[in-house]
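Visitor: First the structure, then my questions, so here it is.
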Amino acid sequence: MHLLTAVFEKLVACRRHLVRLLMEWKQQYRNLKIGQKLLVSFGLSVALAFIIIGIFSLNSFQVRDNIATAQMVDVPLALKSAKAQTNLLKMLSSLRGYLATAESEFRNEYQGARQAFELDLKELGVLIHHRESVNFYDEHRNDDKDENYSHLTHLYDLYEQWVIFPEQMFTLRDNP
């Protein structure tokens with residue numbers, strides 16, 4: 001508690017000193033002639049502009065790194081996810097087509113889409129693992145990474161439960 005009181009007293013003393021300095025500068029500024037006031041104001045404006053430009057320049061490096069990361073990791077992950085979703089929809093469409101018409105073409109399309117979907121799931125796992133190994137992500141993005149793993153694991157589990165049903169439906173359609 002004594003340390004906290006000492007720190008607080010030093011902060012109050014610093015504040016008093018800063019207020020005194022600002023009051024002195026304000027008085028000195030009032031005593032300047034108009035030309036000198038314009039010169040000081042212009043100088044402060046230029047200094048502030050350089051500070052702002054410096055801050056934006058530093059932030060632009062971080063933005064450039066984030067864009068590079070997105071191009072290297074996030075875009076391929078999103079594309080692979082969209083491809084997996086497309087193959088899953090092809091599987092469902094082919095399954096419905098076969099159940100409605102019993103044409104072998106739909107069953108062959110289903111098998112091709114199923115193999116492509118399973119390959120996409122494996123590649124998604126690899127991409128998520130690659131995303132984890134990239135060092136550009138900060139701490140709150142690590143939560144996204146864990147969430148992606150849990151979603152992919154959940155998708156694997158649901159797919160393993162579902163994949164047995166189409167074969168049963170094919171068998172039932174072939175033997176009414």
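Visitor: Please count how many residues of the range 12-71 are over 26 Å from the mean Cα position of the chain (by Cα) and either surrounded by 10 or more Cβ atoms within 10 Å (Cβ to Cβ) or part of a helix (DSSP H, G or I) (or both).
Guide: Filtering the range 12-71 for residues over 26 Å from the mean Cα position of the chain (by Cα) gives 12-53.
Within this subset, residues satisfying the condition of being either surrounded by 10 or more Cβ atoms within 10 Å (Cβ to Cβ) or part of a helix (DSSP H, G or I) (or both) are 12-32, 34-53.
Of the residues in the range 12-71, 41 are over 26 Å from the mean Cα position of the chain (by Cα) and either surrounded by 10 or more Cβ atoms within 10 Å (Cβ to Cβ) or part of a helix (DSSP H, G or I) (or both).
Visitor: Being assigned to a helix (DSSP H, G or I) and either open to solvent by 100 Å² or more (accessible area, probe 1.4 Å) or closer than 30 Å to His130 by Cβ (or both) is the requirement here; does Thr5 meet it?
Guide: no
Visitor: Of the residues in the range 92-110, how many are assigned to a helix (DSSP H, G or I), open to solvent by less than 70 Å² (accessible area, probe 1.4 Å) and either more than 19 Å from Ala82 (Cα to Cα) or in contact with a Phe, Trp or Tyr (Cβ under 6 Å, 6 or more places away or on another chain) (or both)?
Guide: Qualifying residue count for the region: 8.
Visitor: Sort out which residues of the range 37-92 are under 30 Å from Phe106 (Cα atoms) and charged (D, E, K, R), and write them in order of number.
Guide: Those that are under 30 Å from Phe106 (Cα atoms) and charged (D, E, K, R): Lys80, Lys83, Lys90.
The values are calculated or read from the model by the stated rules, or taken from the named source; none is laboratory data. Model, not experiment: these values are computed from the prediction. Ideal geometry is used to build each Cβ from the backbone, glycine not excepted, and the neighbour counts take in all protein chains shown. Areas reflect the complete protein model, heavy atoms only, side chains present, ligands, DNA and RNA absent. Shrake-Rupley method; radii C 1.70, N 1.55, O 1.52, S 1.80 Å.
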